[in-house]
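Engineer: I am attaching a structure below and will ask some questions about it afterwards.
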Amino acid sequence: MDTHSQVVDRLRVAFRSGVTIQEQFRRTQLNNLISMLKENEEQIINVLHKDLAKPKFEVVLSEVDIVINELYFAIANLKSWMKQEYVSKNLATKLDDCFVRREPLGVVLIIGAWNYPLQLLILPMVGAIAAGNCVIVKPSEISAATANLIAELIPKYLSQDCYAVVQGGAEETKALLQNRFDHILYTGSQNVARSILQAAAVHLTPVTLELGGKCPCLIYGQVNLAATARRLVWAKYFNSGQSCVAPDYVLCSPAARDALLPELRIAIKDFYGEEPQACPDLSRIVSLRHWTHVMELLGRSKGKVVVGGESDQEDKYIAPTVVVDVAEDDALMQEEIFGPVMPILCIDSLEEGIALINRKEKPLALYVFSEESSVVTTVLENTSSGGFCSNDGILHMTLPSLPFGGVGASGWGSYHGRWGFETFSHRRACMLRGWGLEKLNGLRYPPYSERKLSWLRWSASPKSICSLM
């Protein structure tokens with residue numbers, strides 16, 4: 001088996017050969033990924049059920065189709081993305097060709113996460129391939145069954161000279177990061193992200209970080225509470241709350257909370273039945289360690305459990321849970337929960353809710369539920385987050401024409417659609433000069449004079465073209 005450095009070197013040789021530059025090569029690889037997903041859908045469903053007890057419905061939506069849609073979007077737009085982008089000129093460059101050329105970076109590394117172990121690895125890979133890079137993917141060892149399947153399938157469907165899978169845990173990742181890459185995209189926790197940055201800094205490698213955080217959900221003003229409850233329950237308990245864009249906590253007035261609770265109970269019962277543990281549509285926590293962590297947060301909370309709270313360690317099960325009377329300094333508010341526990345905090349005004357959100361680190365997503373457009377606009381204009389969605393949850397990240405990424409502590413950079421292509425491309429500034437207007441060019445040559453300087457400043461100004469026209 002090749003060492004990490006041998007894998008990187010092999011891919012770098014392939015990249016330098018120019019094989020990935022051609023548009024048709026990129027198209028072929030992207031189409032091969034579509035075939036990989038379609039032809040192995042049943043296996044994908046099985047391994048994700050083994051890792052997370054994900055129901056087929058959630059696997060198809062959030063792991064398979066979201067990536068296939070991304071692939072079709074990239075294939076349809078690849079030609080236009082690869083075109084040179086011509087820019088405006090001044091008089092001094094009037095006869096020159098001035099454009100931005102998108103070029104691949106080289107050999108890039110994508111480190112995936114366990115909560116969406118296929119999507120968070122293959123979807124950014126789409127942008128990297130579309131941009132013409134060679135790619136090494138590192139699946140999460142926590143979702144081992146999915147990681148093994150990815151390691152088996154990628155070499156069967158993609159060029160082995162240009163794409164590779166490296167498996168292993170923390171030590172293997174640390175060893176892998178000792179190699180020089182041209183870009184690293186990491187999805188996961190803030191603690192590991194710091195280690196990624198330290199390793200990347202040795203080689204001055206640019207890094208894209210997708211880190212999550214506590215995504216707030218603000219409910220205020222006139223609102224359809226029944227629809228709000230159903231959309232909130234779906235977004236929160238999808239994948240058993242193990243989503244980086246899941247609503248992490250809810251902010252609303254005491255009156256809204258009292259009216260919302262019965263609707264939440266109805267929605268949870270409608271979705272998962274009287275005994276959610278027996279429902280095949282509810283995922284499980286990925287590991288005993290993660291189950292213990294969520295239960296410890298719930299145990300340390302001073303809030304009151306009003307829905308759910310049941311758990312089964314052996315089954316790694318936690319019931320869809322709602323907690324009220326939660327204070328801002330509660331244990332459930334100190335870090336991302338990443339489980340099916342929904343704390344509700346009460347606020348007395350919209351301004352109070354916005355202030356609470358702004359006291360915390362900028363989240364990956366922010367949700368507001370209201371029938372009043374003024375409320376939505378006020379929250380949008382007075383907060384900062386990676387993404388924003390009104391009157392629903394999670395759905396904004398399924399649209400390939402929108403960038404997906406964080407801000408501040410929730411991440412650096414973005415991908416999806418054109419944004420992934422740009423992340424893995426170098427925007428090269430190009431000026432192709434001819435031999436005309438040499439007299440005008442002579443203004444910059446010594447001996448210098450005030451007259452030359454005056455003419456040169458005018459000719460280099462964007463206004464020079466306009467004034468001539």
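The values are calculated or read from the model by the stated rules, or taken from the named source; none is laboratory data. What you see is a predicted model; the values in this text were computed from it and never measured. Heads up, the Cβs are rebuilt from the backbone with ideal geometry, glycines too, and the neighbour counts pull from every protein chain shown.
Engineer: Among strands (runs of 3 or more DSSP E) lying entirely in segment 189-260, which contain 2 or more residues that are over 17 Å from the mean Cα position of the chain (by Cα)?
Structural biologist: Those strands (runs of 3 or more DSSP E) span 215-219, 247-252.
Engineer: Name the residue, out of Gly405, Gly393, Gly434, that is under 30 Å from Pro247 (Cα atoms) and touching an Asp or Glu at 6+ places or on another chain (Cβ under 9 Å).
Structural biologist: Gly405
Engineer: Tell me whether segment 278-291 contains one or more residues that are touching a Gly at 6+ places or on another chain (Cβ under 6 Å) and surrounded by 20 or more Cβ atoms within 10 Å (Cβ to Cβ).
Structural biologist: no
Engineer: Here is a further query. Being more than 23 Å from Asn191 (Cβ to Cβ) and in a strand (DSSP E or B) is true for just one of Val322, Val379. Which residue is that?
Structural biologist: Val322
Engineer: Exactly one of (1) under 19 Å from the mean Cα position of the chain (by Cα); (2) in a strand (DSSP E or B); (3) farther than 27 Å from Glu328 by Cα is unmet by Ser140. Its number?
Structural biologist: (2)
Engineer: Any idea which of (1) among the hydroxyl-bearing types (Ser, Thr, Tyr); (2) crowded, with 16+ Cβ neighbours inside 10 Å; (3) within 19 Å of Glu422 (Cβ to Cβ) is the one Thr93 doesn't satisfy?
Structural biologist: (3)
Engineer: Sticking with this one: Can you pull out every residue in segment 172-191 that is closer than 26 Å to Lys362 by Cβ and β-branched (Val, Ile, Thr)?
Structural biologist: The answer is Ile184, Thr187.
Engineer: Ok, one more. Scan segment 382-411 for residues that are hydrophobic (A, V, I, L, M, F, W, C), in a strand (DSSP E or B) and outside the structural domain of Gly221 (by TED's automatic domain parsing) and jot them down.
Structural biologist: Phe404
Engineer: Also, I was wondering about something else. So, in segment 377-409, of the ones that are crowded, with 20+ Cβ neighbours inside 10 Å and aliphatic (A, V, I, L, M), which residue ends up nearest to Cys252 (Cα to Cα)?
Structural biologist: That would be Val379.
Engineer: Are there any pairs, at least 6 apart or on different chains, whose C-beta atoms fall under 6 Å, with the first in segment 290-306 and not assigned by TED's automatic domain parsing to the domain that holds Leu264 and the second surrounded by fewer than 16 Cβ atoms within 10 Å (Cβ to Cβ) and among the β-branched types (Val, Ile, Thr), and if so, which?
Structural biologist: none
Engineer: Something else: Return yes when Ile122 is assigned by TED's automatic domain parsing to the domain that holds Leu71, of a type in the set (A, V, I, L, M) and either at pLDDT below 95 or within 19 Å of the chain's Cα centre (by Cα) (or both) and no when it is not.
Structural biologist: yes
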